[in-house]
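Each reported figure results from applying straightforward, stated rules to the coordinates on display, with no laboratory input. All of these numbers come straight from a predicted model, not from anything done at the bench. Don't worry about glycine lacking a Cβ; one is built from the backbone with ideal geometry, like all the others, and counts go over all protein chains shown.
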Amino acid sequence: IVLVTGVQTCALPIFPTFAQFKAGASSNLAFYVLVICNASTIPGRYLAVPLCNRFGPARTMCGFALAASITLFGWVAVKSVTGTIVWAVLIALFMGPLAVIYPIIVPRLSPDPALIGTRMGISSAAAALGTLVGFPVTSALDDIGTGTFWKSQVFNACCMLGGALLMVYVYYKMPSRDG
């Protein structure tokens, strides 16, 4: 859960840099790519609720994380401004639900209701640590001068794929298989 939410927040800040230095967008449009991406998370967040009710939160989160990892791997092929905007909308649709599903999973994994708040805090702190460390790592992997972003793109995609695979483990550790 932590890996998925940590990747979500460390991948987003490099979109404007990628749009400007790799896809050739103006600095104004590059800024708006992040705005478009953030606005595009809204439909995905609303879509997560009925899917969680139908398939359970762990399976839903795993599905969205797997779709996000595939989309992150596809980011390597994006070269144009139009492709960047379309890609940003798609990744936002898949990553948006990840932020709203994990608070549903943590209480289901906690055997003692008195520990739910503690576990939510620990998982949020761990995700924040992933964000704190992840962004400098992905930034160090980028080379703006040559327009080389594939290293950070593959790094983010691999981390998201790892998080999706770990969600399979979480599903099997849930007390009841409705999650």
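Nothing charged except the Cβ atoms of Lys and Arg (+1) and of Asp and Glu (-1): what's the magnitude of the dipole of the chain about its Cα centre? Round to the nearest 20 debye.
Values: 10 positive and 4 negative charges, 67 e Å.
Charge dipole, the chain, about its Cα centre: 320 debye, nearest 20.
Give the residue from ILE70, ILE85, GLN153 lying farthest towards the positive end of the charge dipole for the stretch 56-172; charges sit on Cβ (+1 for Lys and Arg, -1 for Asp and Glu) and the dipole is referred to the Cα centre.
ILE70
Rounded to whole Hz and in sequence order, give me ³J(HN,Hα) for the stretch 143-149 from the Karplus expression 6.51 cos²θ - 1.76 cosθ + 1.60, θ = phi - 60°, writing x for Gly and Pro.
Using θ = phi - 60°, the values come out as 10, 5, x, 9, x, 9, 10 Hz.
Relative contact order, percent, of the stretch 21-146 when contacts are C-alpha pairs under 8 Å separated by at least 6 residues?
On the way: 95 pairs, mean separation 41.1, N = 126.
Rounded, it is 33 percent for the stretch 21-146.
Which residues' amide hydrogens lie under 5 Å from the amide hydrogen of THR148, considering only partners 5 or more residues apart or on another chain, with H built in the peptide plane?
The answer is ASP143.
In sequence order, what are the phi-derived ³J(HN,Hα) couplings for the stretch 76-88 according to the Karplus relation 6.51 cos²θ - 1.76 cosθ + 1.60 with θ = phi - 60°, rounded to whole Hz, with x for glycine and proline?
Whole-Hz 3J(HN,Hα) from phi for the stretch 76-88: 4, 7, 6, 10, 10, 5, 4, x, 5, 5, 4, 5, 4.
Which stretch or stretches of the stretch 93-110 have amide N atoms under 19 Å from the point lying 7 Å from SER124's Cα along the Cα→Cβ direction?
Flagged as within label range: 96-110.
Can you run phi through the Karplus equation (6.51, -1.76, 1.60; θ = phi - 60°) for the stretch 92-109 and list ³J(HN,Hα) in whole Hz, with x for Gly and Pro?
The phi angles translate into 5, 4, 8, 8, x, x, 4, 6, 9, 8, 4, x, 7, 6, 4, x, 6, 8 Hz.
If you take the square roots of the eigenvalues of the alpha-carbon gyration tensor of the stretch 80-179 and sort them as a ≥ b ≥ c, do you get rounded (a/c under 1.5), prolate (a/b over b/c) or oblate?
Prolate, because a/c is 1.5 or more and a/b exceeds b/c.
Helix-only mean residue ellipticity at 222 nm, the chain, DSSP H runs n ≥ 4 weighted -39,500 (n - 2.57), per residue, nearest 500. What is it?
Only helices count here, giving -27000 deg cm²/dmol.
Going by average Cβ density within 10 Å per residue, which order do the peptides 109-120, 19-30, 133-144 take, highest to lowest?
Numbers: 109-120: 11.7, 19-30: 17.5, 133-144: 15.4.
Highest to lowest by the protection proxy: 19-30, 133-144, 109-120.
Can you spot the lysines whose alpha carbon is less than 27 Å from LYS22's alpha carbon? Ignore those fewer than 8 places along the same chain.
Counting by Cα, and skipping residues close in sequence, LYS22 has these lysines nearby: LYS79, LYS151.
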